[in-house]
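The values are calculated or read from the model by the stated rules, or taken from the named source; none is laboratory data. The shown structure was predicted, so the numbers you read here are calculated from the model rather than taken from an experiment. Here Cβ is always computed from backbone atoms with ideal geometry, including for glycine, and neighbour counts include all displayed protein chains.
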C-alpha cells in the first residue's frame, strides 16, 4: 500500500474492523421511500473517543448528554434520530436524551455511560419517546447497514455523505470512515451539523482529541451554507484499536492518521457545502500569501459566507469587488496594492485593481460545478481553503415554509 491513502469503493461507517450499524423508520419524519429516522453505530469493544460541538448558546440536551458521556473519552455506541432536534424544550429534553441512551443500553447490553446521543431536525419539538421506546430495540446491527445509517440522519439533505479510506501504518492496514448530514443551518464553529467518524486505529485519547480538533479546523469549520449556526452541531470520532497497530502515543507518529482523517473530514465538509439547500454548485475559496494561518482561514470563511458573493456566483457574475469587500471585512492584515484575484484560474485582479480579462470567458468558467475563488494577498506564506454554496430563490422558498 506504500504511503498512499486509499479511498475504499463503497466504503461506509462500518468499513473499519469491529463496527456495525443499524437503522429503522419509526415515523419521526414523514414517510417516504427508503426513509429512516433512527440509527445506531456500535463497536464490539469500547472506543477511545473525542468530539467537538456547537458553540451556539442555545444547545440541544442531546449535545449536553453526549458531552457528559465523553468526560472519560470512551464511547461504544451512538444513537441518532432525525426529524426532531430535541432543543428548546426545557428540562424534558435532557430527561428524554438520557432515556434514549437507557433504551439503547438495554438493547445493546452495554453501559449507558458509553452511549452518545445526537438529534437533528425541527427545534422546539420534544422527542417522541413512545416511538423511541418502540423502535430502538427493533434496530438490527450489521456490517451491511452503513448506508441505512447514513439515510437515518438526513433531514433536508438531497443525498447521503459517506467515505472510507485505508492506509498502511507500520505494516498494518488502518481504516478511517465517516458519515455526515447537513444542508441548512450550516455555519459551524468547532463542529458541523452531524458527523460521525469511526476508525480501527489504536491511539492515545489525547492524541485523538488533538487530531480531531485540527482536522475539524481544516474542514467543518471552513464551510458555510447560510450563516446560521446549528444548536445541535456534533462531530464524534470513535477508535476501537481493532487494526492491531502499535499504539500511537505522540503527535509526531500520528501524521499518517491525521492525513487520512483530513481526507475524510474535508470530503464530508465539501459534500455538506455542495448539498446546501437550493444549491447546485460548490464555491471553493482559497486565500494564499497570508501573514498567519488564522488570517487565511478567516478570510476564506468571510468569502464563502458573504451573501453578495453567493448571489454573484449564482448569477455567474464576476463581480470581484464583492470578493475584495469580503476579504477586507474579515479585518485581517493585508496590503490592498498587492492583492490578486482569480476566478477558476482566470486572473481578474492584479495589484489590487482590475486587470484586462475576457468577461465572457469568466462567465463561462462560472458555469462549472465548482467555482474556485482564489485570493493571493502576497504578504506571507500561509494559505487556507473554505467551502460554501450559492444563495438561490429555491433556498428562500424552501426555508420560508420549513415547518409547514
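List of remarks:
- Candidate set: segment 356-373, residues that are assigned to a strand (DSSP E or B) and surrounded by fewer than 19 Cβ atoms within 10 Å (Cβ to Cβ); chosen: the one farthest from the chain's Cα centre (by Cα): 372
Residue-by-condition table, conditions (1) part of a strand (DSSP E or B); (2) out of contact with any strand residue (DSSP E or B) (no Cβ under 6 Å at 6 or more places or on another chain); (3) in contact (Cβ under 8 Å) with a residue 24 or more places away in the chain:
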site	(1), (2), (3)
6	yes, no, yes
20	yes, no, yes
36	no, no, yes
42	yes, no, yes
51	yes, no, yes
58	no, yes, yes
71	no, yes, no
97	no, no, yes
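- Summed over segment 318-336, residues that are out of contact with any helix residue (DSSP H, G or I) (no Cβ under 8 Å at 6 or more places or on another chain) and farther than 20 Å from residue 383 by Cβ total 1.
- Filter result for the condition that a residue is in the same structural domain as residue 157 (by TED's automatic domain parsing), exposed (fewer than 15 other Cβ atoms within 10 Å of the Cβ) and in contact (Cβ under 8 Å) with a residue 40 or more places away in the chain, over 259, 250, 245, 240: 250
- Any chance residue 101 is assigned by TED's automatic domain parsing to the domain that holds residue 21, part of a strand (DSSP E or B), modelled with pLDDT of 95 or more and touching a strand residue (DSSP E or B) at 6+ places or on another chain (Cβ under 8 Å): no
- Members of segment 291-308 found to be touching a helix residue (DSSP H, G or I) at 6+ places or on another chain (Cβ under 6 Å) and at pLDDT 95 or above, listed by number: 299, 303
- Breaking point among (1) closer than 23 Å to residue 314 by Cα; (2) under 23 Å from the mean Cα position of the chain (by Cα), for residue 348: (2)
- Residue within segment 266-273 that is at pLDDT below 95 and either part of a loop (DSSP other than H, G, I, E, B) or more than 27 Å from the chain's Cα centre (by Cα) (or both) present: no
- Of the set (1) part of a helix (DSSP H, G or I); (2) at pLDDT below 95; (3) in contact with a strand residue (DSSP E or B) (Cβ under 8 Å, 6 or more places away or on another chain), all apply to residue 87 but (1).
- Which numbered condition residue 26 fails, given (1) closer than 27 Å to residue 109 by Cα; (2) under 22 Å from the mean Cα position of the chain (by Cα); (3) in a loop (DSSP other than H, G, I, E, B): (2)
- Only residues that are touching a residue at least 60 places away in the same chain (Cβ under 8 Å), outside any strand (DSSP E or B) and surrounded by fewer than 19 Cβ atoms within 10 Å (Cβ to Cβ) were counted across segment 282-299, and they come to 3.
- Residue within segment 147-162 that is surrounded by 18 or more Cβ atoms within 10 Å (Cβ to Cβ), touching a helix residue (DSSP H, G or I) at 6+ places or on another chain (Cβ under 7 Å) and assigned to a strand (DSSP E or B) present: yes
- For residue 45, the stated conditions do not hold, so it cannot be described as closer than 28 Å to residue 176 by Cα, assigned by TED's automatic domain parsing to the domain that holds residue 196 and buried (at least 24 other Cβ atoms within 10 Å of the Cβ).
- Scan of segment 94-132 for residues that are over 26 Å from residue 47 (Cβ atoms) and either surrounded by 23 or more Cβ atoms within 10 Å (Cβ to Cβ) or touching a helix residue (DSSP H, G or I) at 6+ places or on another chain (Cβ under 6 Å) (or both), ordered by number: 126, 129
- Residues located in segment 318-343, provided they are over 21 Å from residue 221 (Cβ atoms) and touching a residue at least 24 places away in the same chain (Cβ under 8 Å): 318, 320, 324, 334, 335, 338, 339, 340, 341, 342, 343
- Residues that are surrounded by 15 or more Cβ atoms within 10 Å (Cβ to Cβ) and assigned to a helix (DSSP H, G or I), drawn from segment 318-330: 320, 322, 323, 324, 325, 326, 327
For every residue, the table says whether it meets (1) in contact with a strand residue (DSSP E or B) (Cβ under 6 Å, 6 or more places away or on another chain); (2) assigned to a helix (DSSP H, G or I); (3) surrounded by fewer than 17 Cβ atoms within 10 Å (Cβ to Cβ).
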| position | (1), (2), (3) |
| --- | --- |
| 301 | yes, yes, no |
| 316 | no, no, yes |
| 332 | no, no, no |
| 347 | no, no, yes |
| 375 | yes, no, no |
| 383 | yes, no, no |
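Matching residues to (1) under 13 Å from residue 271 (Cβ atoms); (2) modelled with pLDDT under 95; (3) assigned by TED's automatic domain parsing to the domain that holds residue 78:
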residue	(1), (2), (3)
151	no, no, yes
185	no, yes, yes
189	no, yes, yes
195	yes, yes, yes
205	no, no, yes
216	no, yes, yes
